[in-house]
Structure formats: C-alpha cells, structure tokens
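Working notes, beginning with the structure itself.
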Amino acid sequence: MRITPLDIRQKTFEKNFRGYEKDEVNAFLLSLSQEWERIVDENKELRIKLESTEREVTKLREVESSLYKTLKTAEDTGANVIEQARMAADLHLKESQMRADGMLNEAKVKARNTIEDSDMRAKEILAEMEDRLKMLVENYKQMEATRDDLLTNIRHIASDALDRVERSRVAIKEFDPDKHLSMAKREAKRVAFPNQVDIERPSRAEMRAEIRPEPIVIEKEVVLEQQTTTIRVEAPPAKKVQRSFFDEIG
C-alpha cells in the first residue's frame, strides 16, 4: 500500500475511551506528513538524478564502447599499417637491392669494356709506334746508305774535278799568248789585204794554241730522299798576261 503525505494528513482515528491525545496525534501526523513529503521530494530528486546519472552512464558506456571499438580499430589499423609499411619497406628494400645489383653489374660491365677497349687501344698504339720506329730505323739505315753513297760520289766527283783542274792548269801553262797575238795580227792583215799572198796561214798547232781554254764545269746530280743536289766545280780561269799596247802592235 502506497502512502502519500496527503493520506497521512487526512488520516482519522475512531474515538475511544482513554485514547491518545488528539492534538498530539494531529501534530505528529502533520510532522510525519511533512517529513514524508520531504522524503518523497528527495526521492523524486534522487530518482531524477539517478535517471540522469544512468543516462550519463549509458552515454559513457556508449562512449567507452565507441572508444574501445575505435581503439580496437586503431590498433587493427595500426597493425595493418605497420604490416603494410613493413611489407612496403621490404619490397622497396628488395627493389633497391635489385637496382643496386643491376647498377653494380652494369658498372662492372662498363668498366670491363672500358679496360678491354683501353688495352686494345694501347696495343694498337704500341703496334703503331713499333711500326713507326721500324720505319724510322729503316729510313735511318737508308739515309746512312745514301750518305755513304753520296760521300763516295762526292769523292769521285772531287777526284774527277781535281784531275780536270790539273789538266786545265797544264793546258794553261802550255798556252803561248805571243803566238796567239801573232796569229791574230796575221789574220787581221789577211782580212785587211786579201790580195796579198805572202801572208802565211797559221798552222794547226797555232790554231789549237790560240784557242783559249774555257772553264771546266762538272755537274752531277745526286738524289737523296726525293731532293736533287747539283754539285758544280769550276776550274780556275787561265791567267791573262799583261802586255802593253806597243807590244801588241809591234
């Protein structure tokens, strides 16, 4: 049975002989009703607070559940992200390793090719230098042989020139200018007086003597490596005898 403060206030008792004091009972019932009313009001407030608290607890539980789910999802997501990151890192590391190996192999191949090309080029240069050196040695030997031939030819030419000079000197010594002048005078008289028969013609010996020896020129070409060298040796001219004008017309 539910009792309200109003029920307490309106409660009546039957009268009986030698019963309780009516005023005291009414005062007590009034106090009781007031206290009961306070308790009921407090109970209502507590219920309201309890309901509010329960709603807050429910919300907190929902938030807790949401947070737990979020945390769980975050943990799962974090684990997945970490796993994916680890897998991506492993894949990237493998790709980097493969690229590094490829670049290293390519560098080794290029280095090997470069070394081989350098060796081949060095061998070609060495062979070319050896060929040039052989050609230089052969040219030097040819130049030495040509020099020896040239020296021999020069010696022969000089010897021939000296012989001819000596013969020219002998011929110059045998040349008689007086005979030459006498023959010239007779020839001049013969030309001036062609009718005179007493003019003697010069003999062959005199004609040969009047011939003035010409300078002897010896020329010989010597070929040395596509260059022509001409050696010219000229004999000294005959000495001219100084004669006066009176000697020439005498």
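The values are calculated or read from the model by the stated rules, or taken from the named source; none is laboratory data. What you see is a predicted model, and the numbers here were worked out from it, not measured in a lab. Note that each Cβ is placed from the backbone with ideal geometry, even for glycine, and that neighbours are counted across all protein chains shown.
Numbers at a glance
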{"item": "Residue tally, condition part of a helix (DSSP H, G or I) and either small (Gly, Ala, Ser) or touching a residue at least 60 places away in the same chain (Cβ under 8 Å) (or both), over the range 170-184", "result": "6"}
{"item": "Boolean, GLN84 is more than 43 Å from the chain's Cα centre (by Cα) and among the polar types (S, T, N, Q)", "result": "yes"}
{"item": "Single condition ALA107 does not satisfy, out of (1) of a type outside the set (D, E, K, R); (2) more than 30 Å from LEU6 (Cβ to Cβ); (3) more than 25 Å from the chain's Cα centre (by Cα)", "result": "(3)"}
{"item": "Residue in the range 42-51 that is part of a helix (DSSP H, G or I) and either of a type in the set (Gly, Ala, Ser) or at pLDDT below 85 (or both) present", "result": "no"}
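The rows are residues; the columns are (1) modelled with pLDDT under 90; (2) in contact with a His (Cβ under 9 Å, 6 or more places away or on another chain); (3) not hydrophobic (A, V, I, L, M, F, W, C).
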position: ASP101; (1), (2), (3): no, no, yes
position: LEU150; (1), (2), (3): yes, no, no
position: ASP163; (1), (2), (3): yes, no, yes
position: PRO177; (1), (2), (3): yes, no, yes
